[in-house]
Amino acid sequence: MKSQIFLLLVCALALQGSVHAQDKPKSTPSNAPKVLVFPPGTKQPQVMAEASEKPLAGPAGVPDGIAQMVAIFFGSLQRVEVDQAYNVLTKGSKIADKPEELKQLKDRTHEAIQVFGSILGYDLVEARSVGNRLVRATYASHGKVYPLRWRFYFYKPDETWRLIDMRVDDKLSGMFDEPEDPKTPKAELP
């Protein structure tokens, strides 16, 4: 019983101290950023409450549906489960309706893992959207020997993101927005 009274007393003193701390004006330097504090229970400013959508794909990331598919894709590649990786990535897409092309993608991915090393992880390099339904997400996979650039093009015709195109290469200059080196001309003998 005494511990409960003591606990209530401590909470009351802490609450009283925080109320007095809020009442005292703080002196801030004129160059300090202004901060708005909204106490619990107050409504957000009208501009914030009416915002209907957050940006689709900024430099920080891609929409959740795409991020989940790509995470499963690269996770499956890390376990060398190439069939499973493509089953998730192409679900509901026209790519899945073309078994010969899908088989070629899987075969090339197996070859890439053999040549560039097993996939150890991946990073989002860039995400770009055109409107609210079309996104290009570029990733770098970290192979044991060499990285690869993966470009996924997703389209959202209804409520689900679908892969509509995909490209993979080992052109590192493209990841750094550098122009490709022109081919060195062969010297001609007289």
| Candidate set from the stretch 95-122 (those that are touching a Phe, Trp or Tyr at 6+ places or on another chain (Cβ under 7 Å) and either open to solvent by 90 Å² or more (accessible area, probe 1.4 Å) or in a helix (DSSP H, G or I) (or both)); member that is farthest from D83 (Cα to Cα) | F116
| field | Inter-residue pairs, beta-carbon under 7 Å, first under 12 Å from G65 (Cβ atoms) and in the stretch 149-174, second charged (D, E, K, R) and surrounded by 15 or more Cβ atoms within 10 Å (Cβ to Cβ), 6+ apart | value | F154/R162; Y155/R162
| query | Quick one: is E126 at pLDDT 90 or above, under 19 Å from I66 (Cβ atoms) and of a type in the set (D, E, K, R)? | reply | yes
| Are any residues in the stretch 134-171 over 18 Å from T109 (Cα atoms) and out of contact with any strand residue (DSSP E or B) (no Cβ under 6 Å at 6 or more places or on another chain), and if so, which ones? | K156, P157, D158, E159, T160
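The values are calculated or read from the model by the stated rules, or taken from the named source; none is laboratory data. Values in this document were obtained by computation on a predicted structure and should not be read as measured data. Cβ sites come from the backbone with ideal geometry, for glycine too, and all protein chains shown count toward neighbours. Quick note on the areas: whole protein, heavy atoms, side chains included, nothing else; ligands and nucleic acids left out. Shrake-Rupley method; radii C 1.70, N 1.55, O 1.52, S 1.80 Å.
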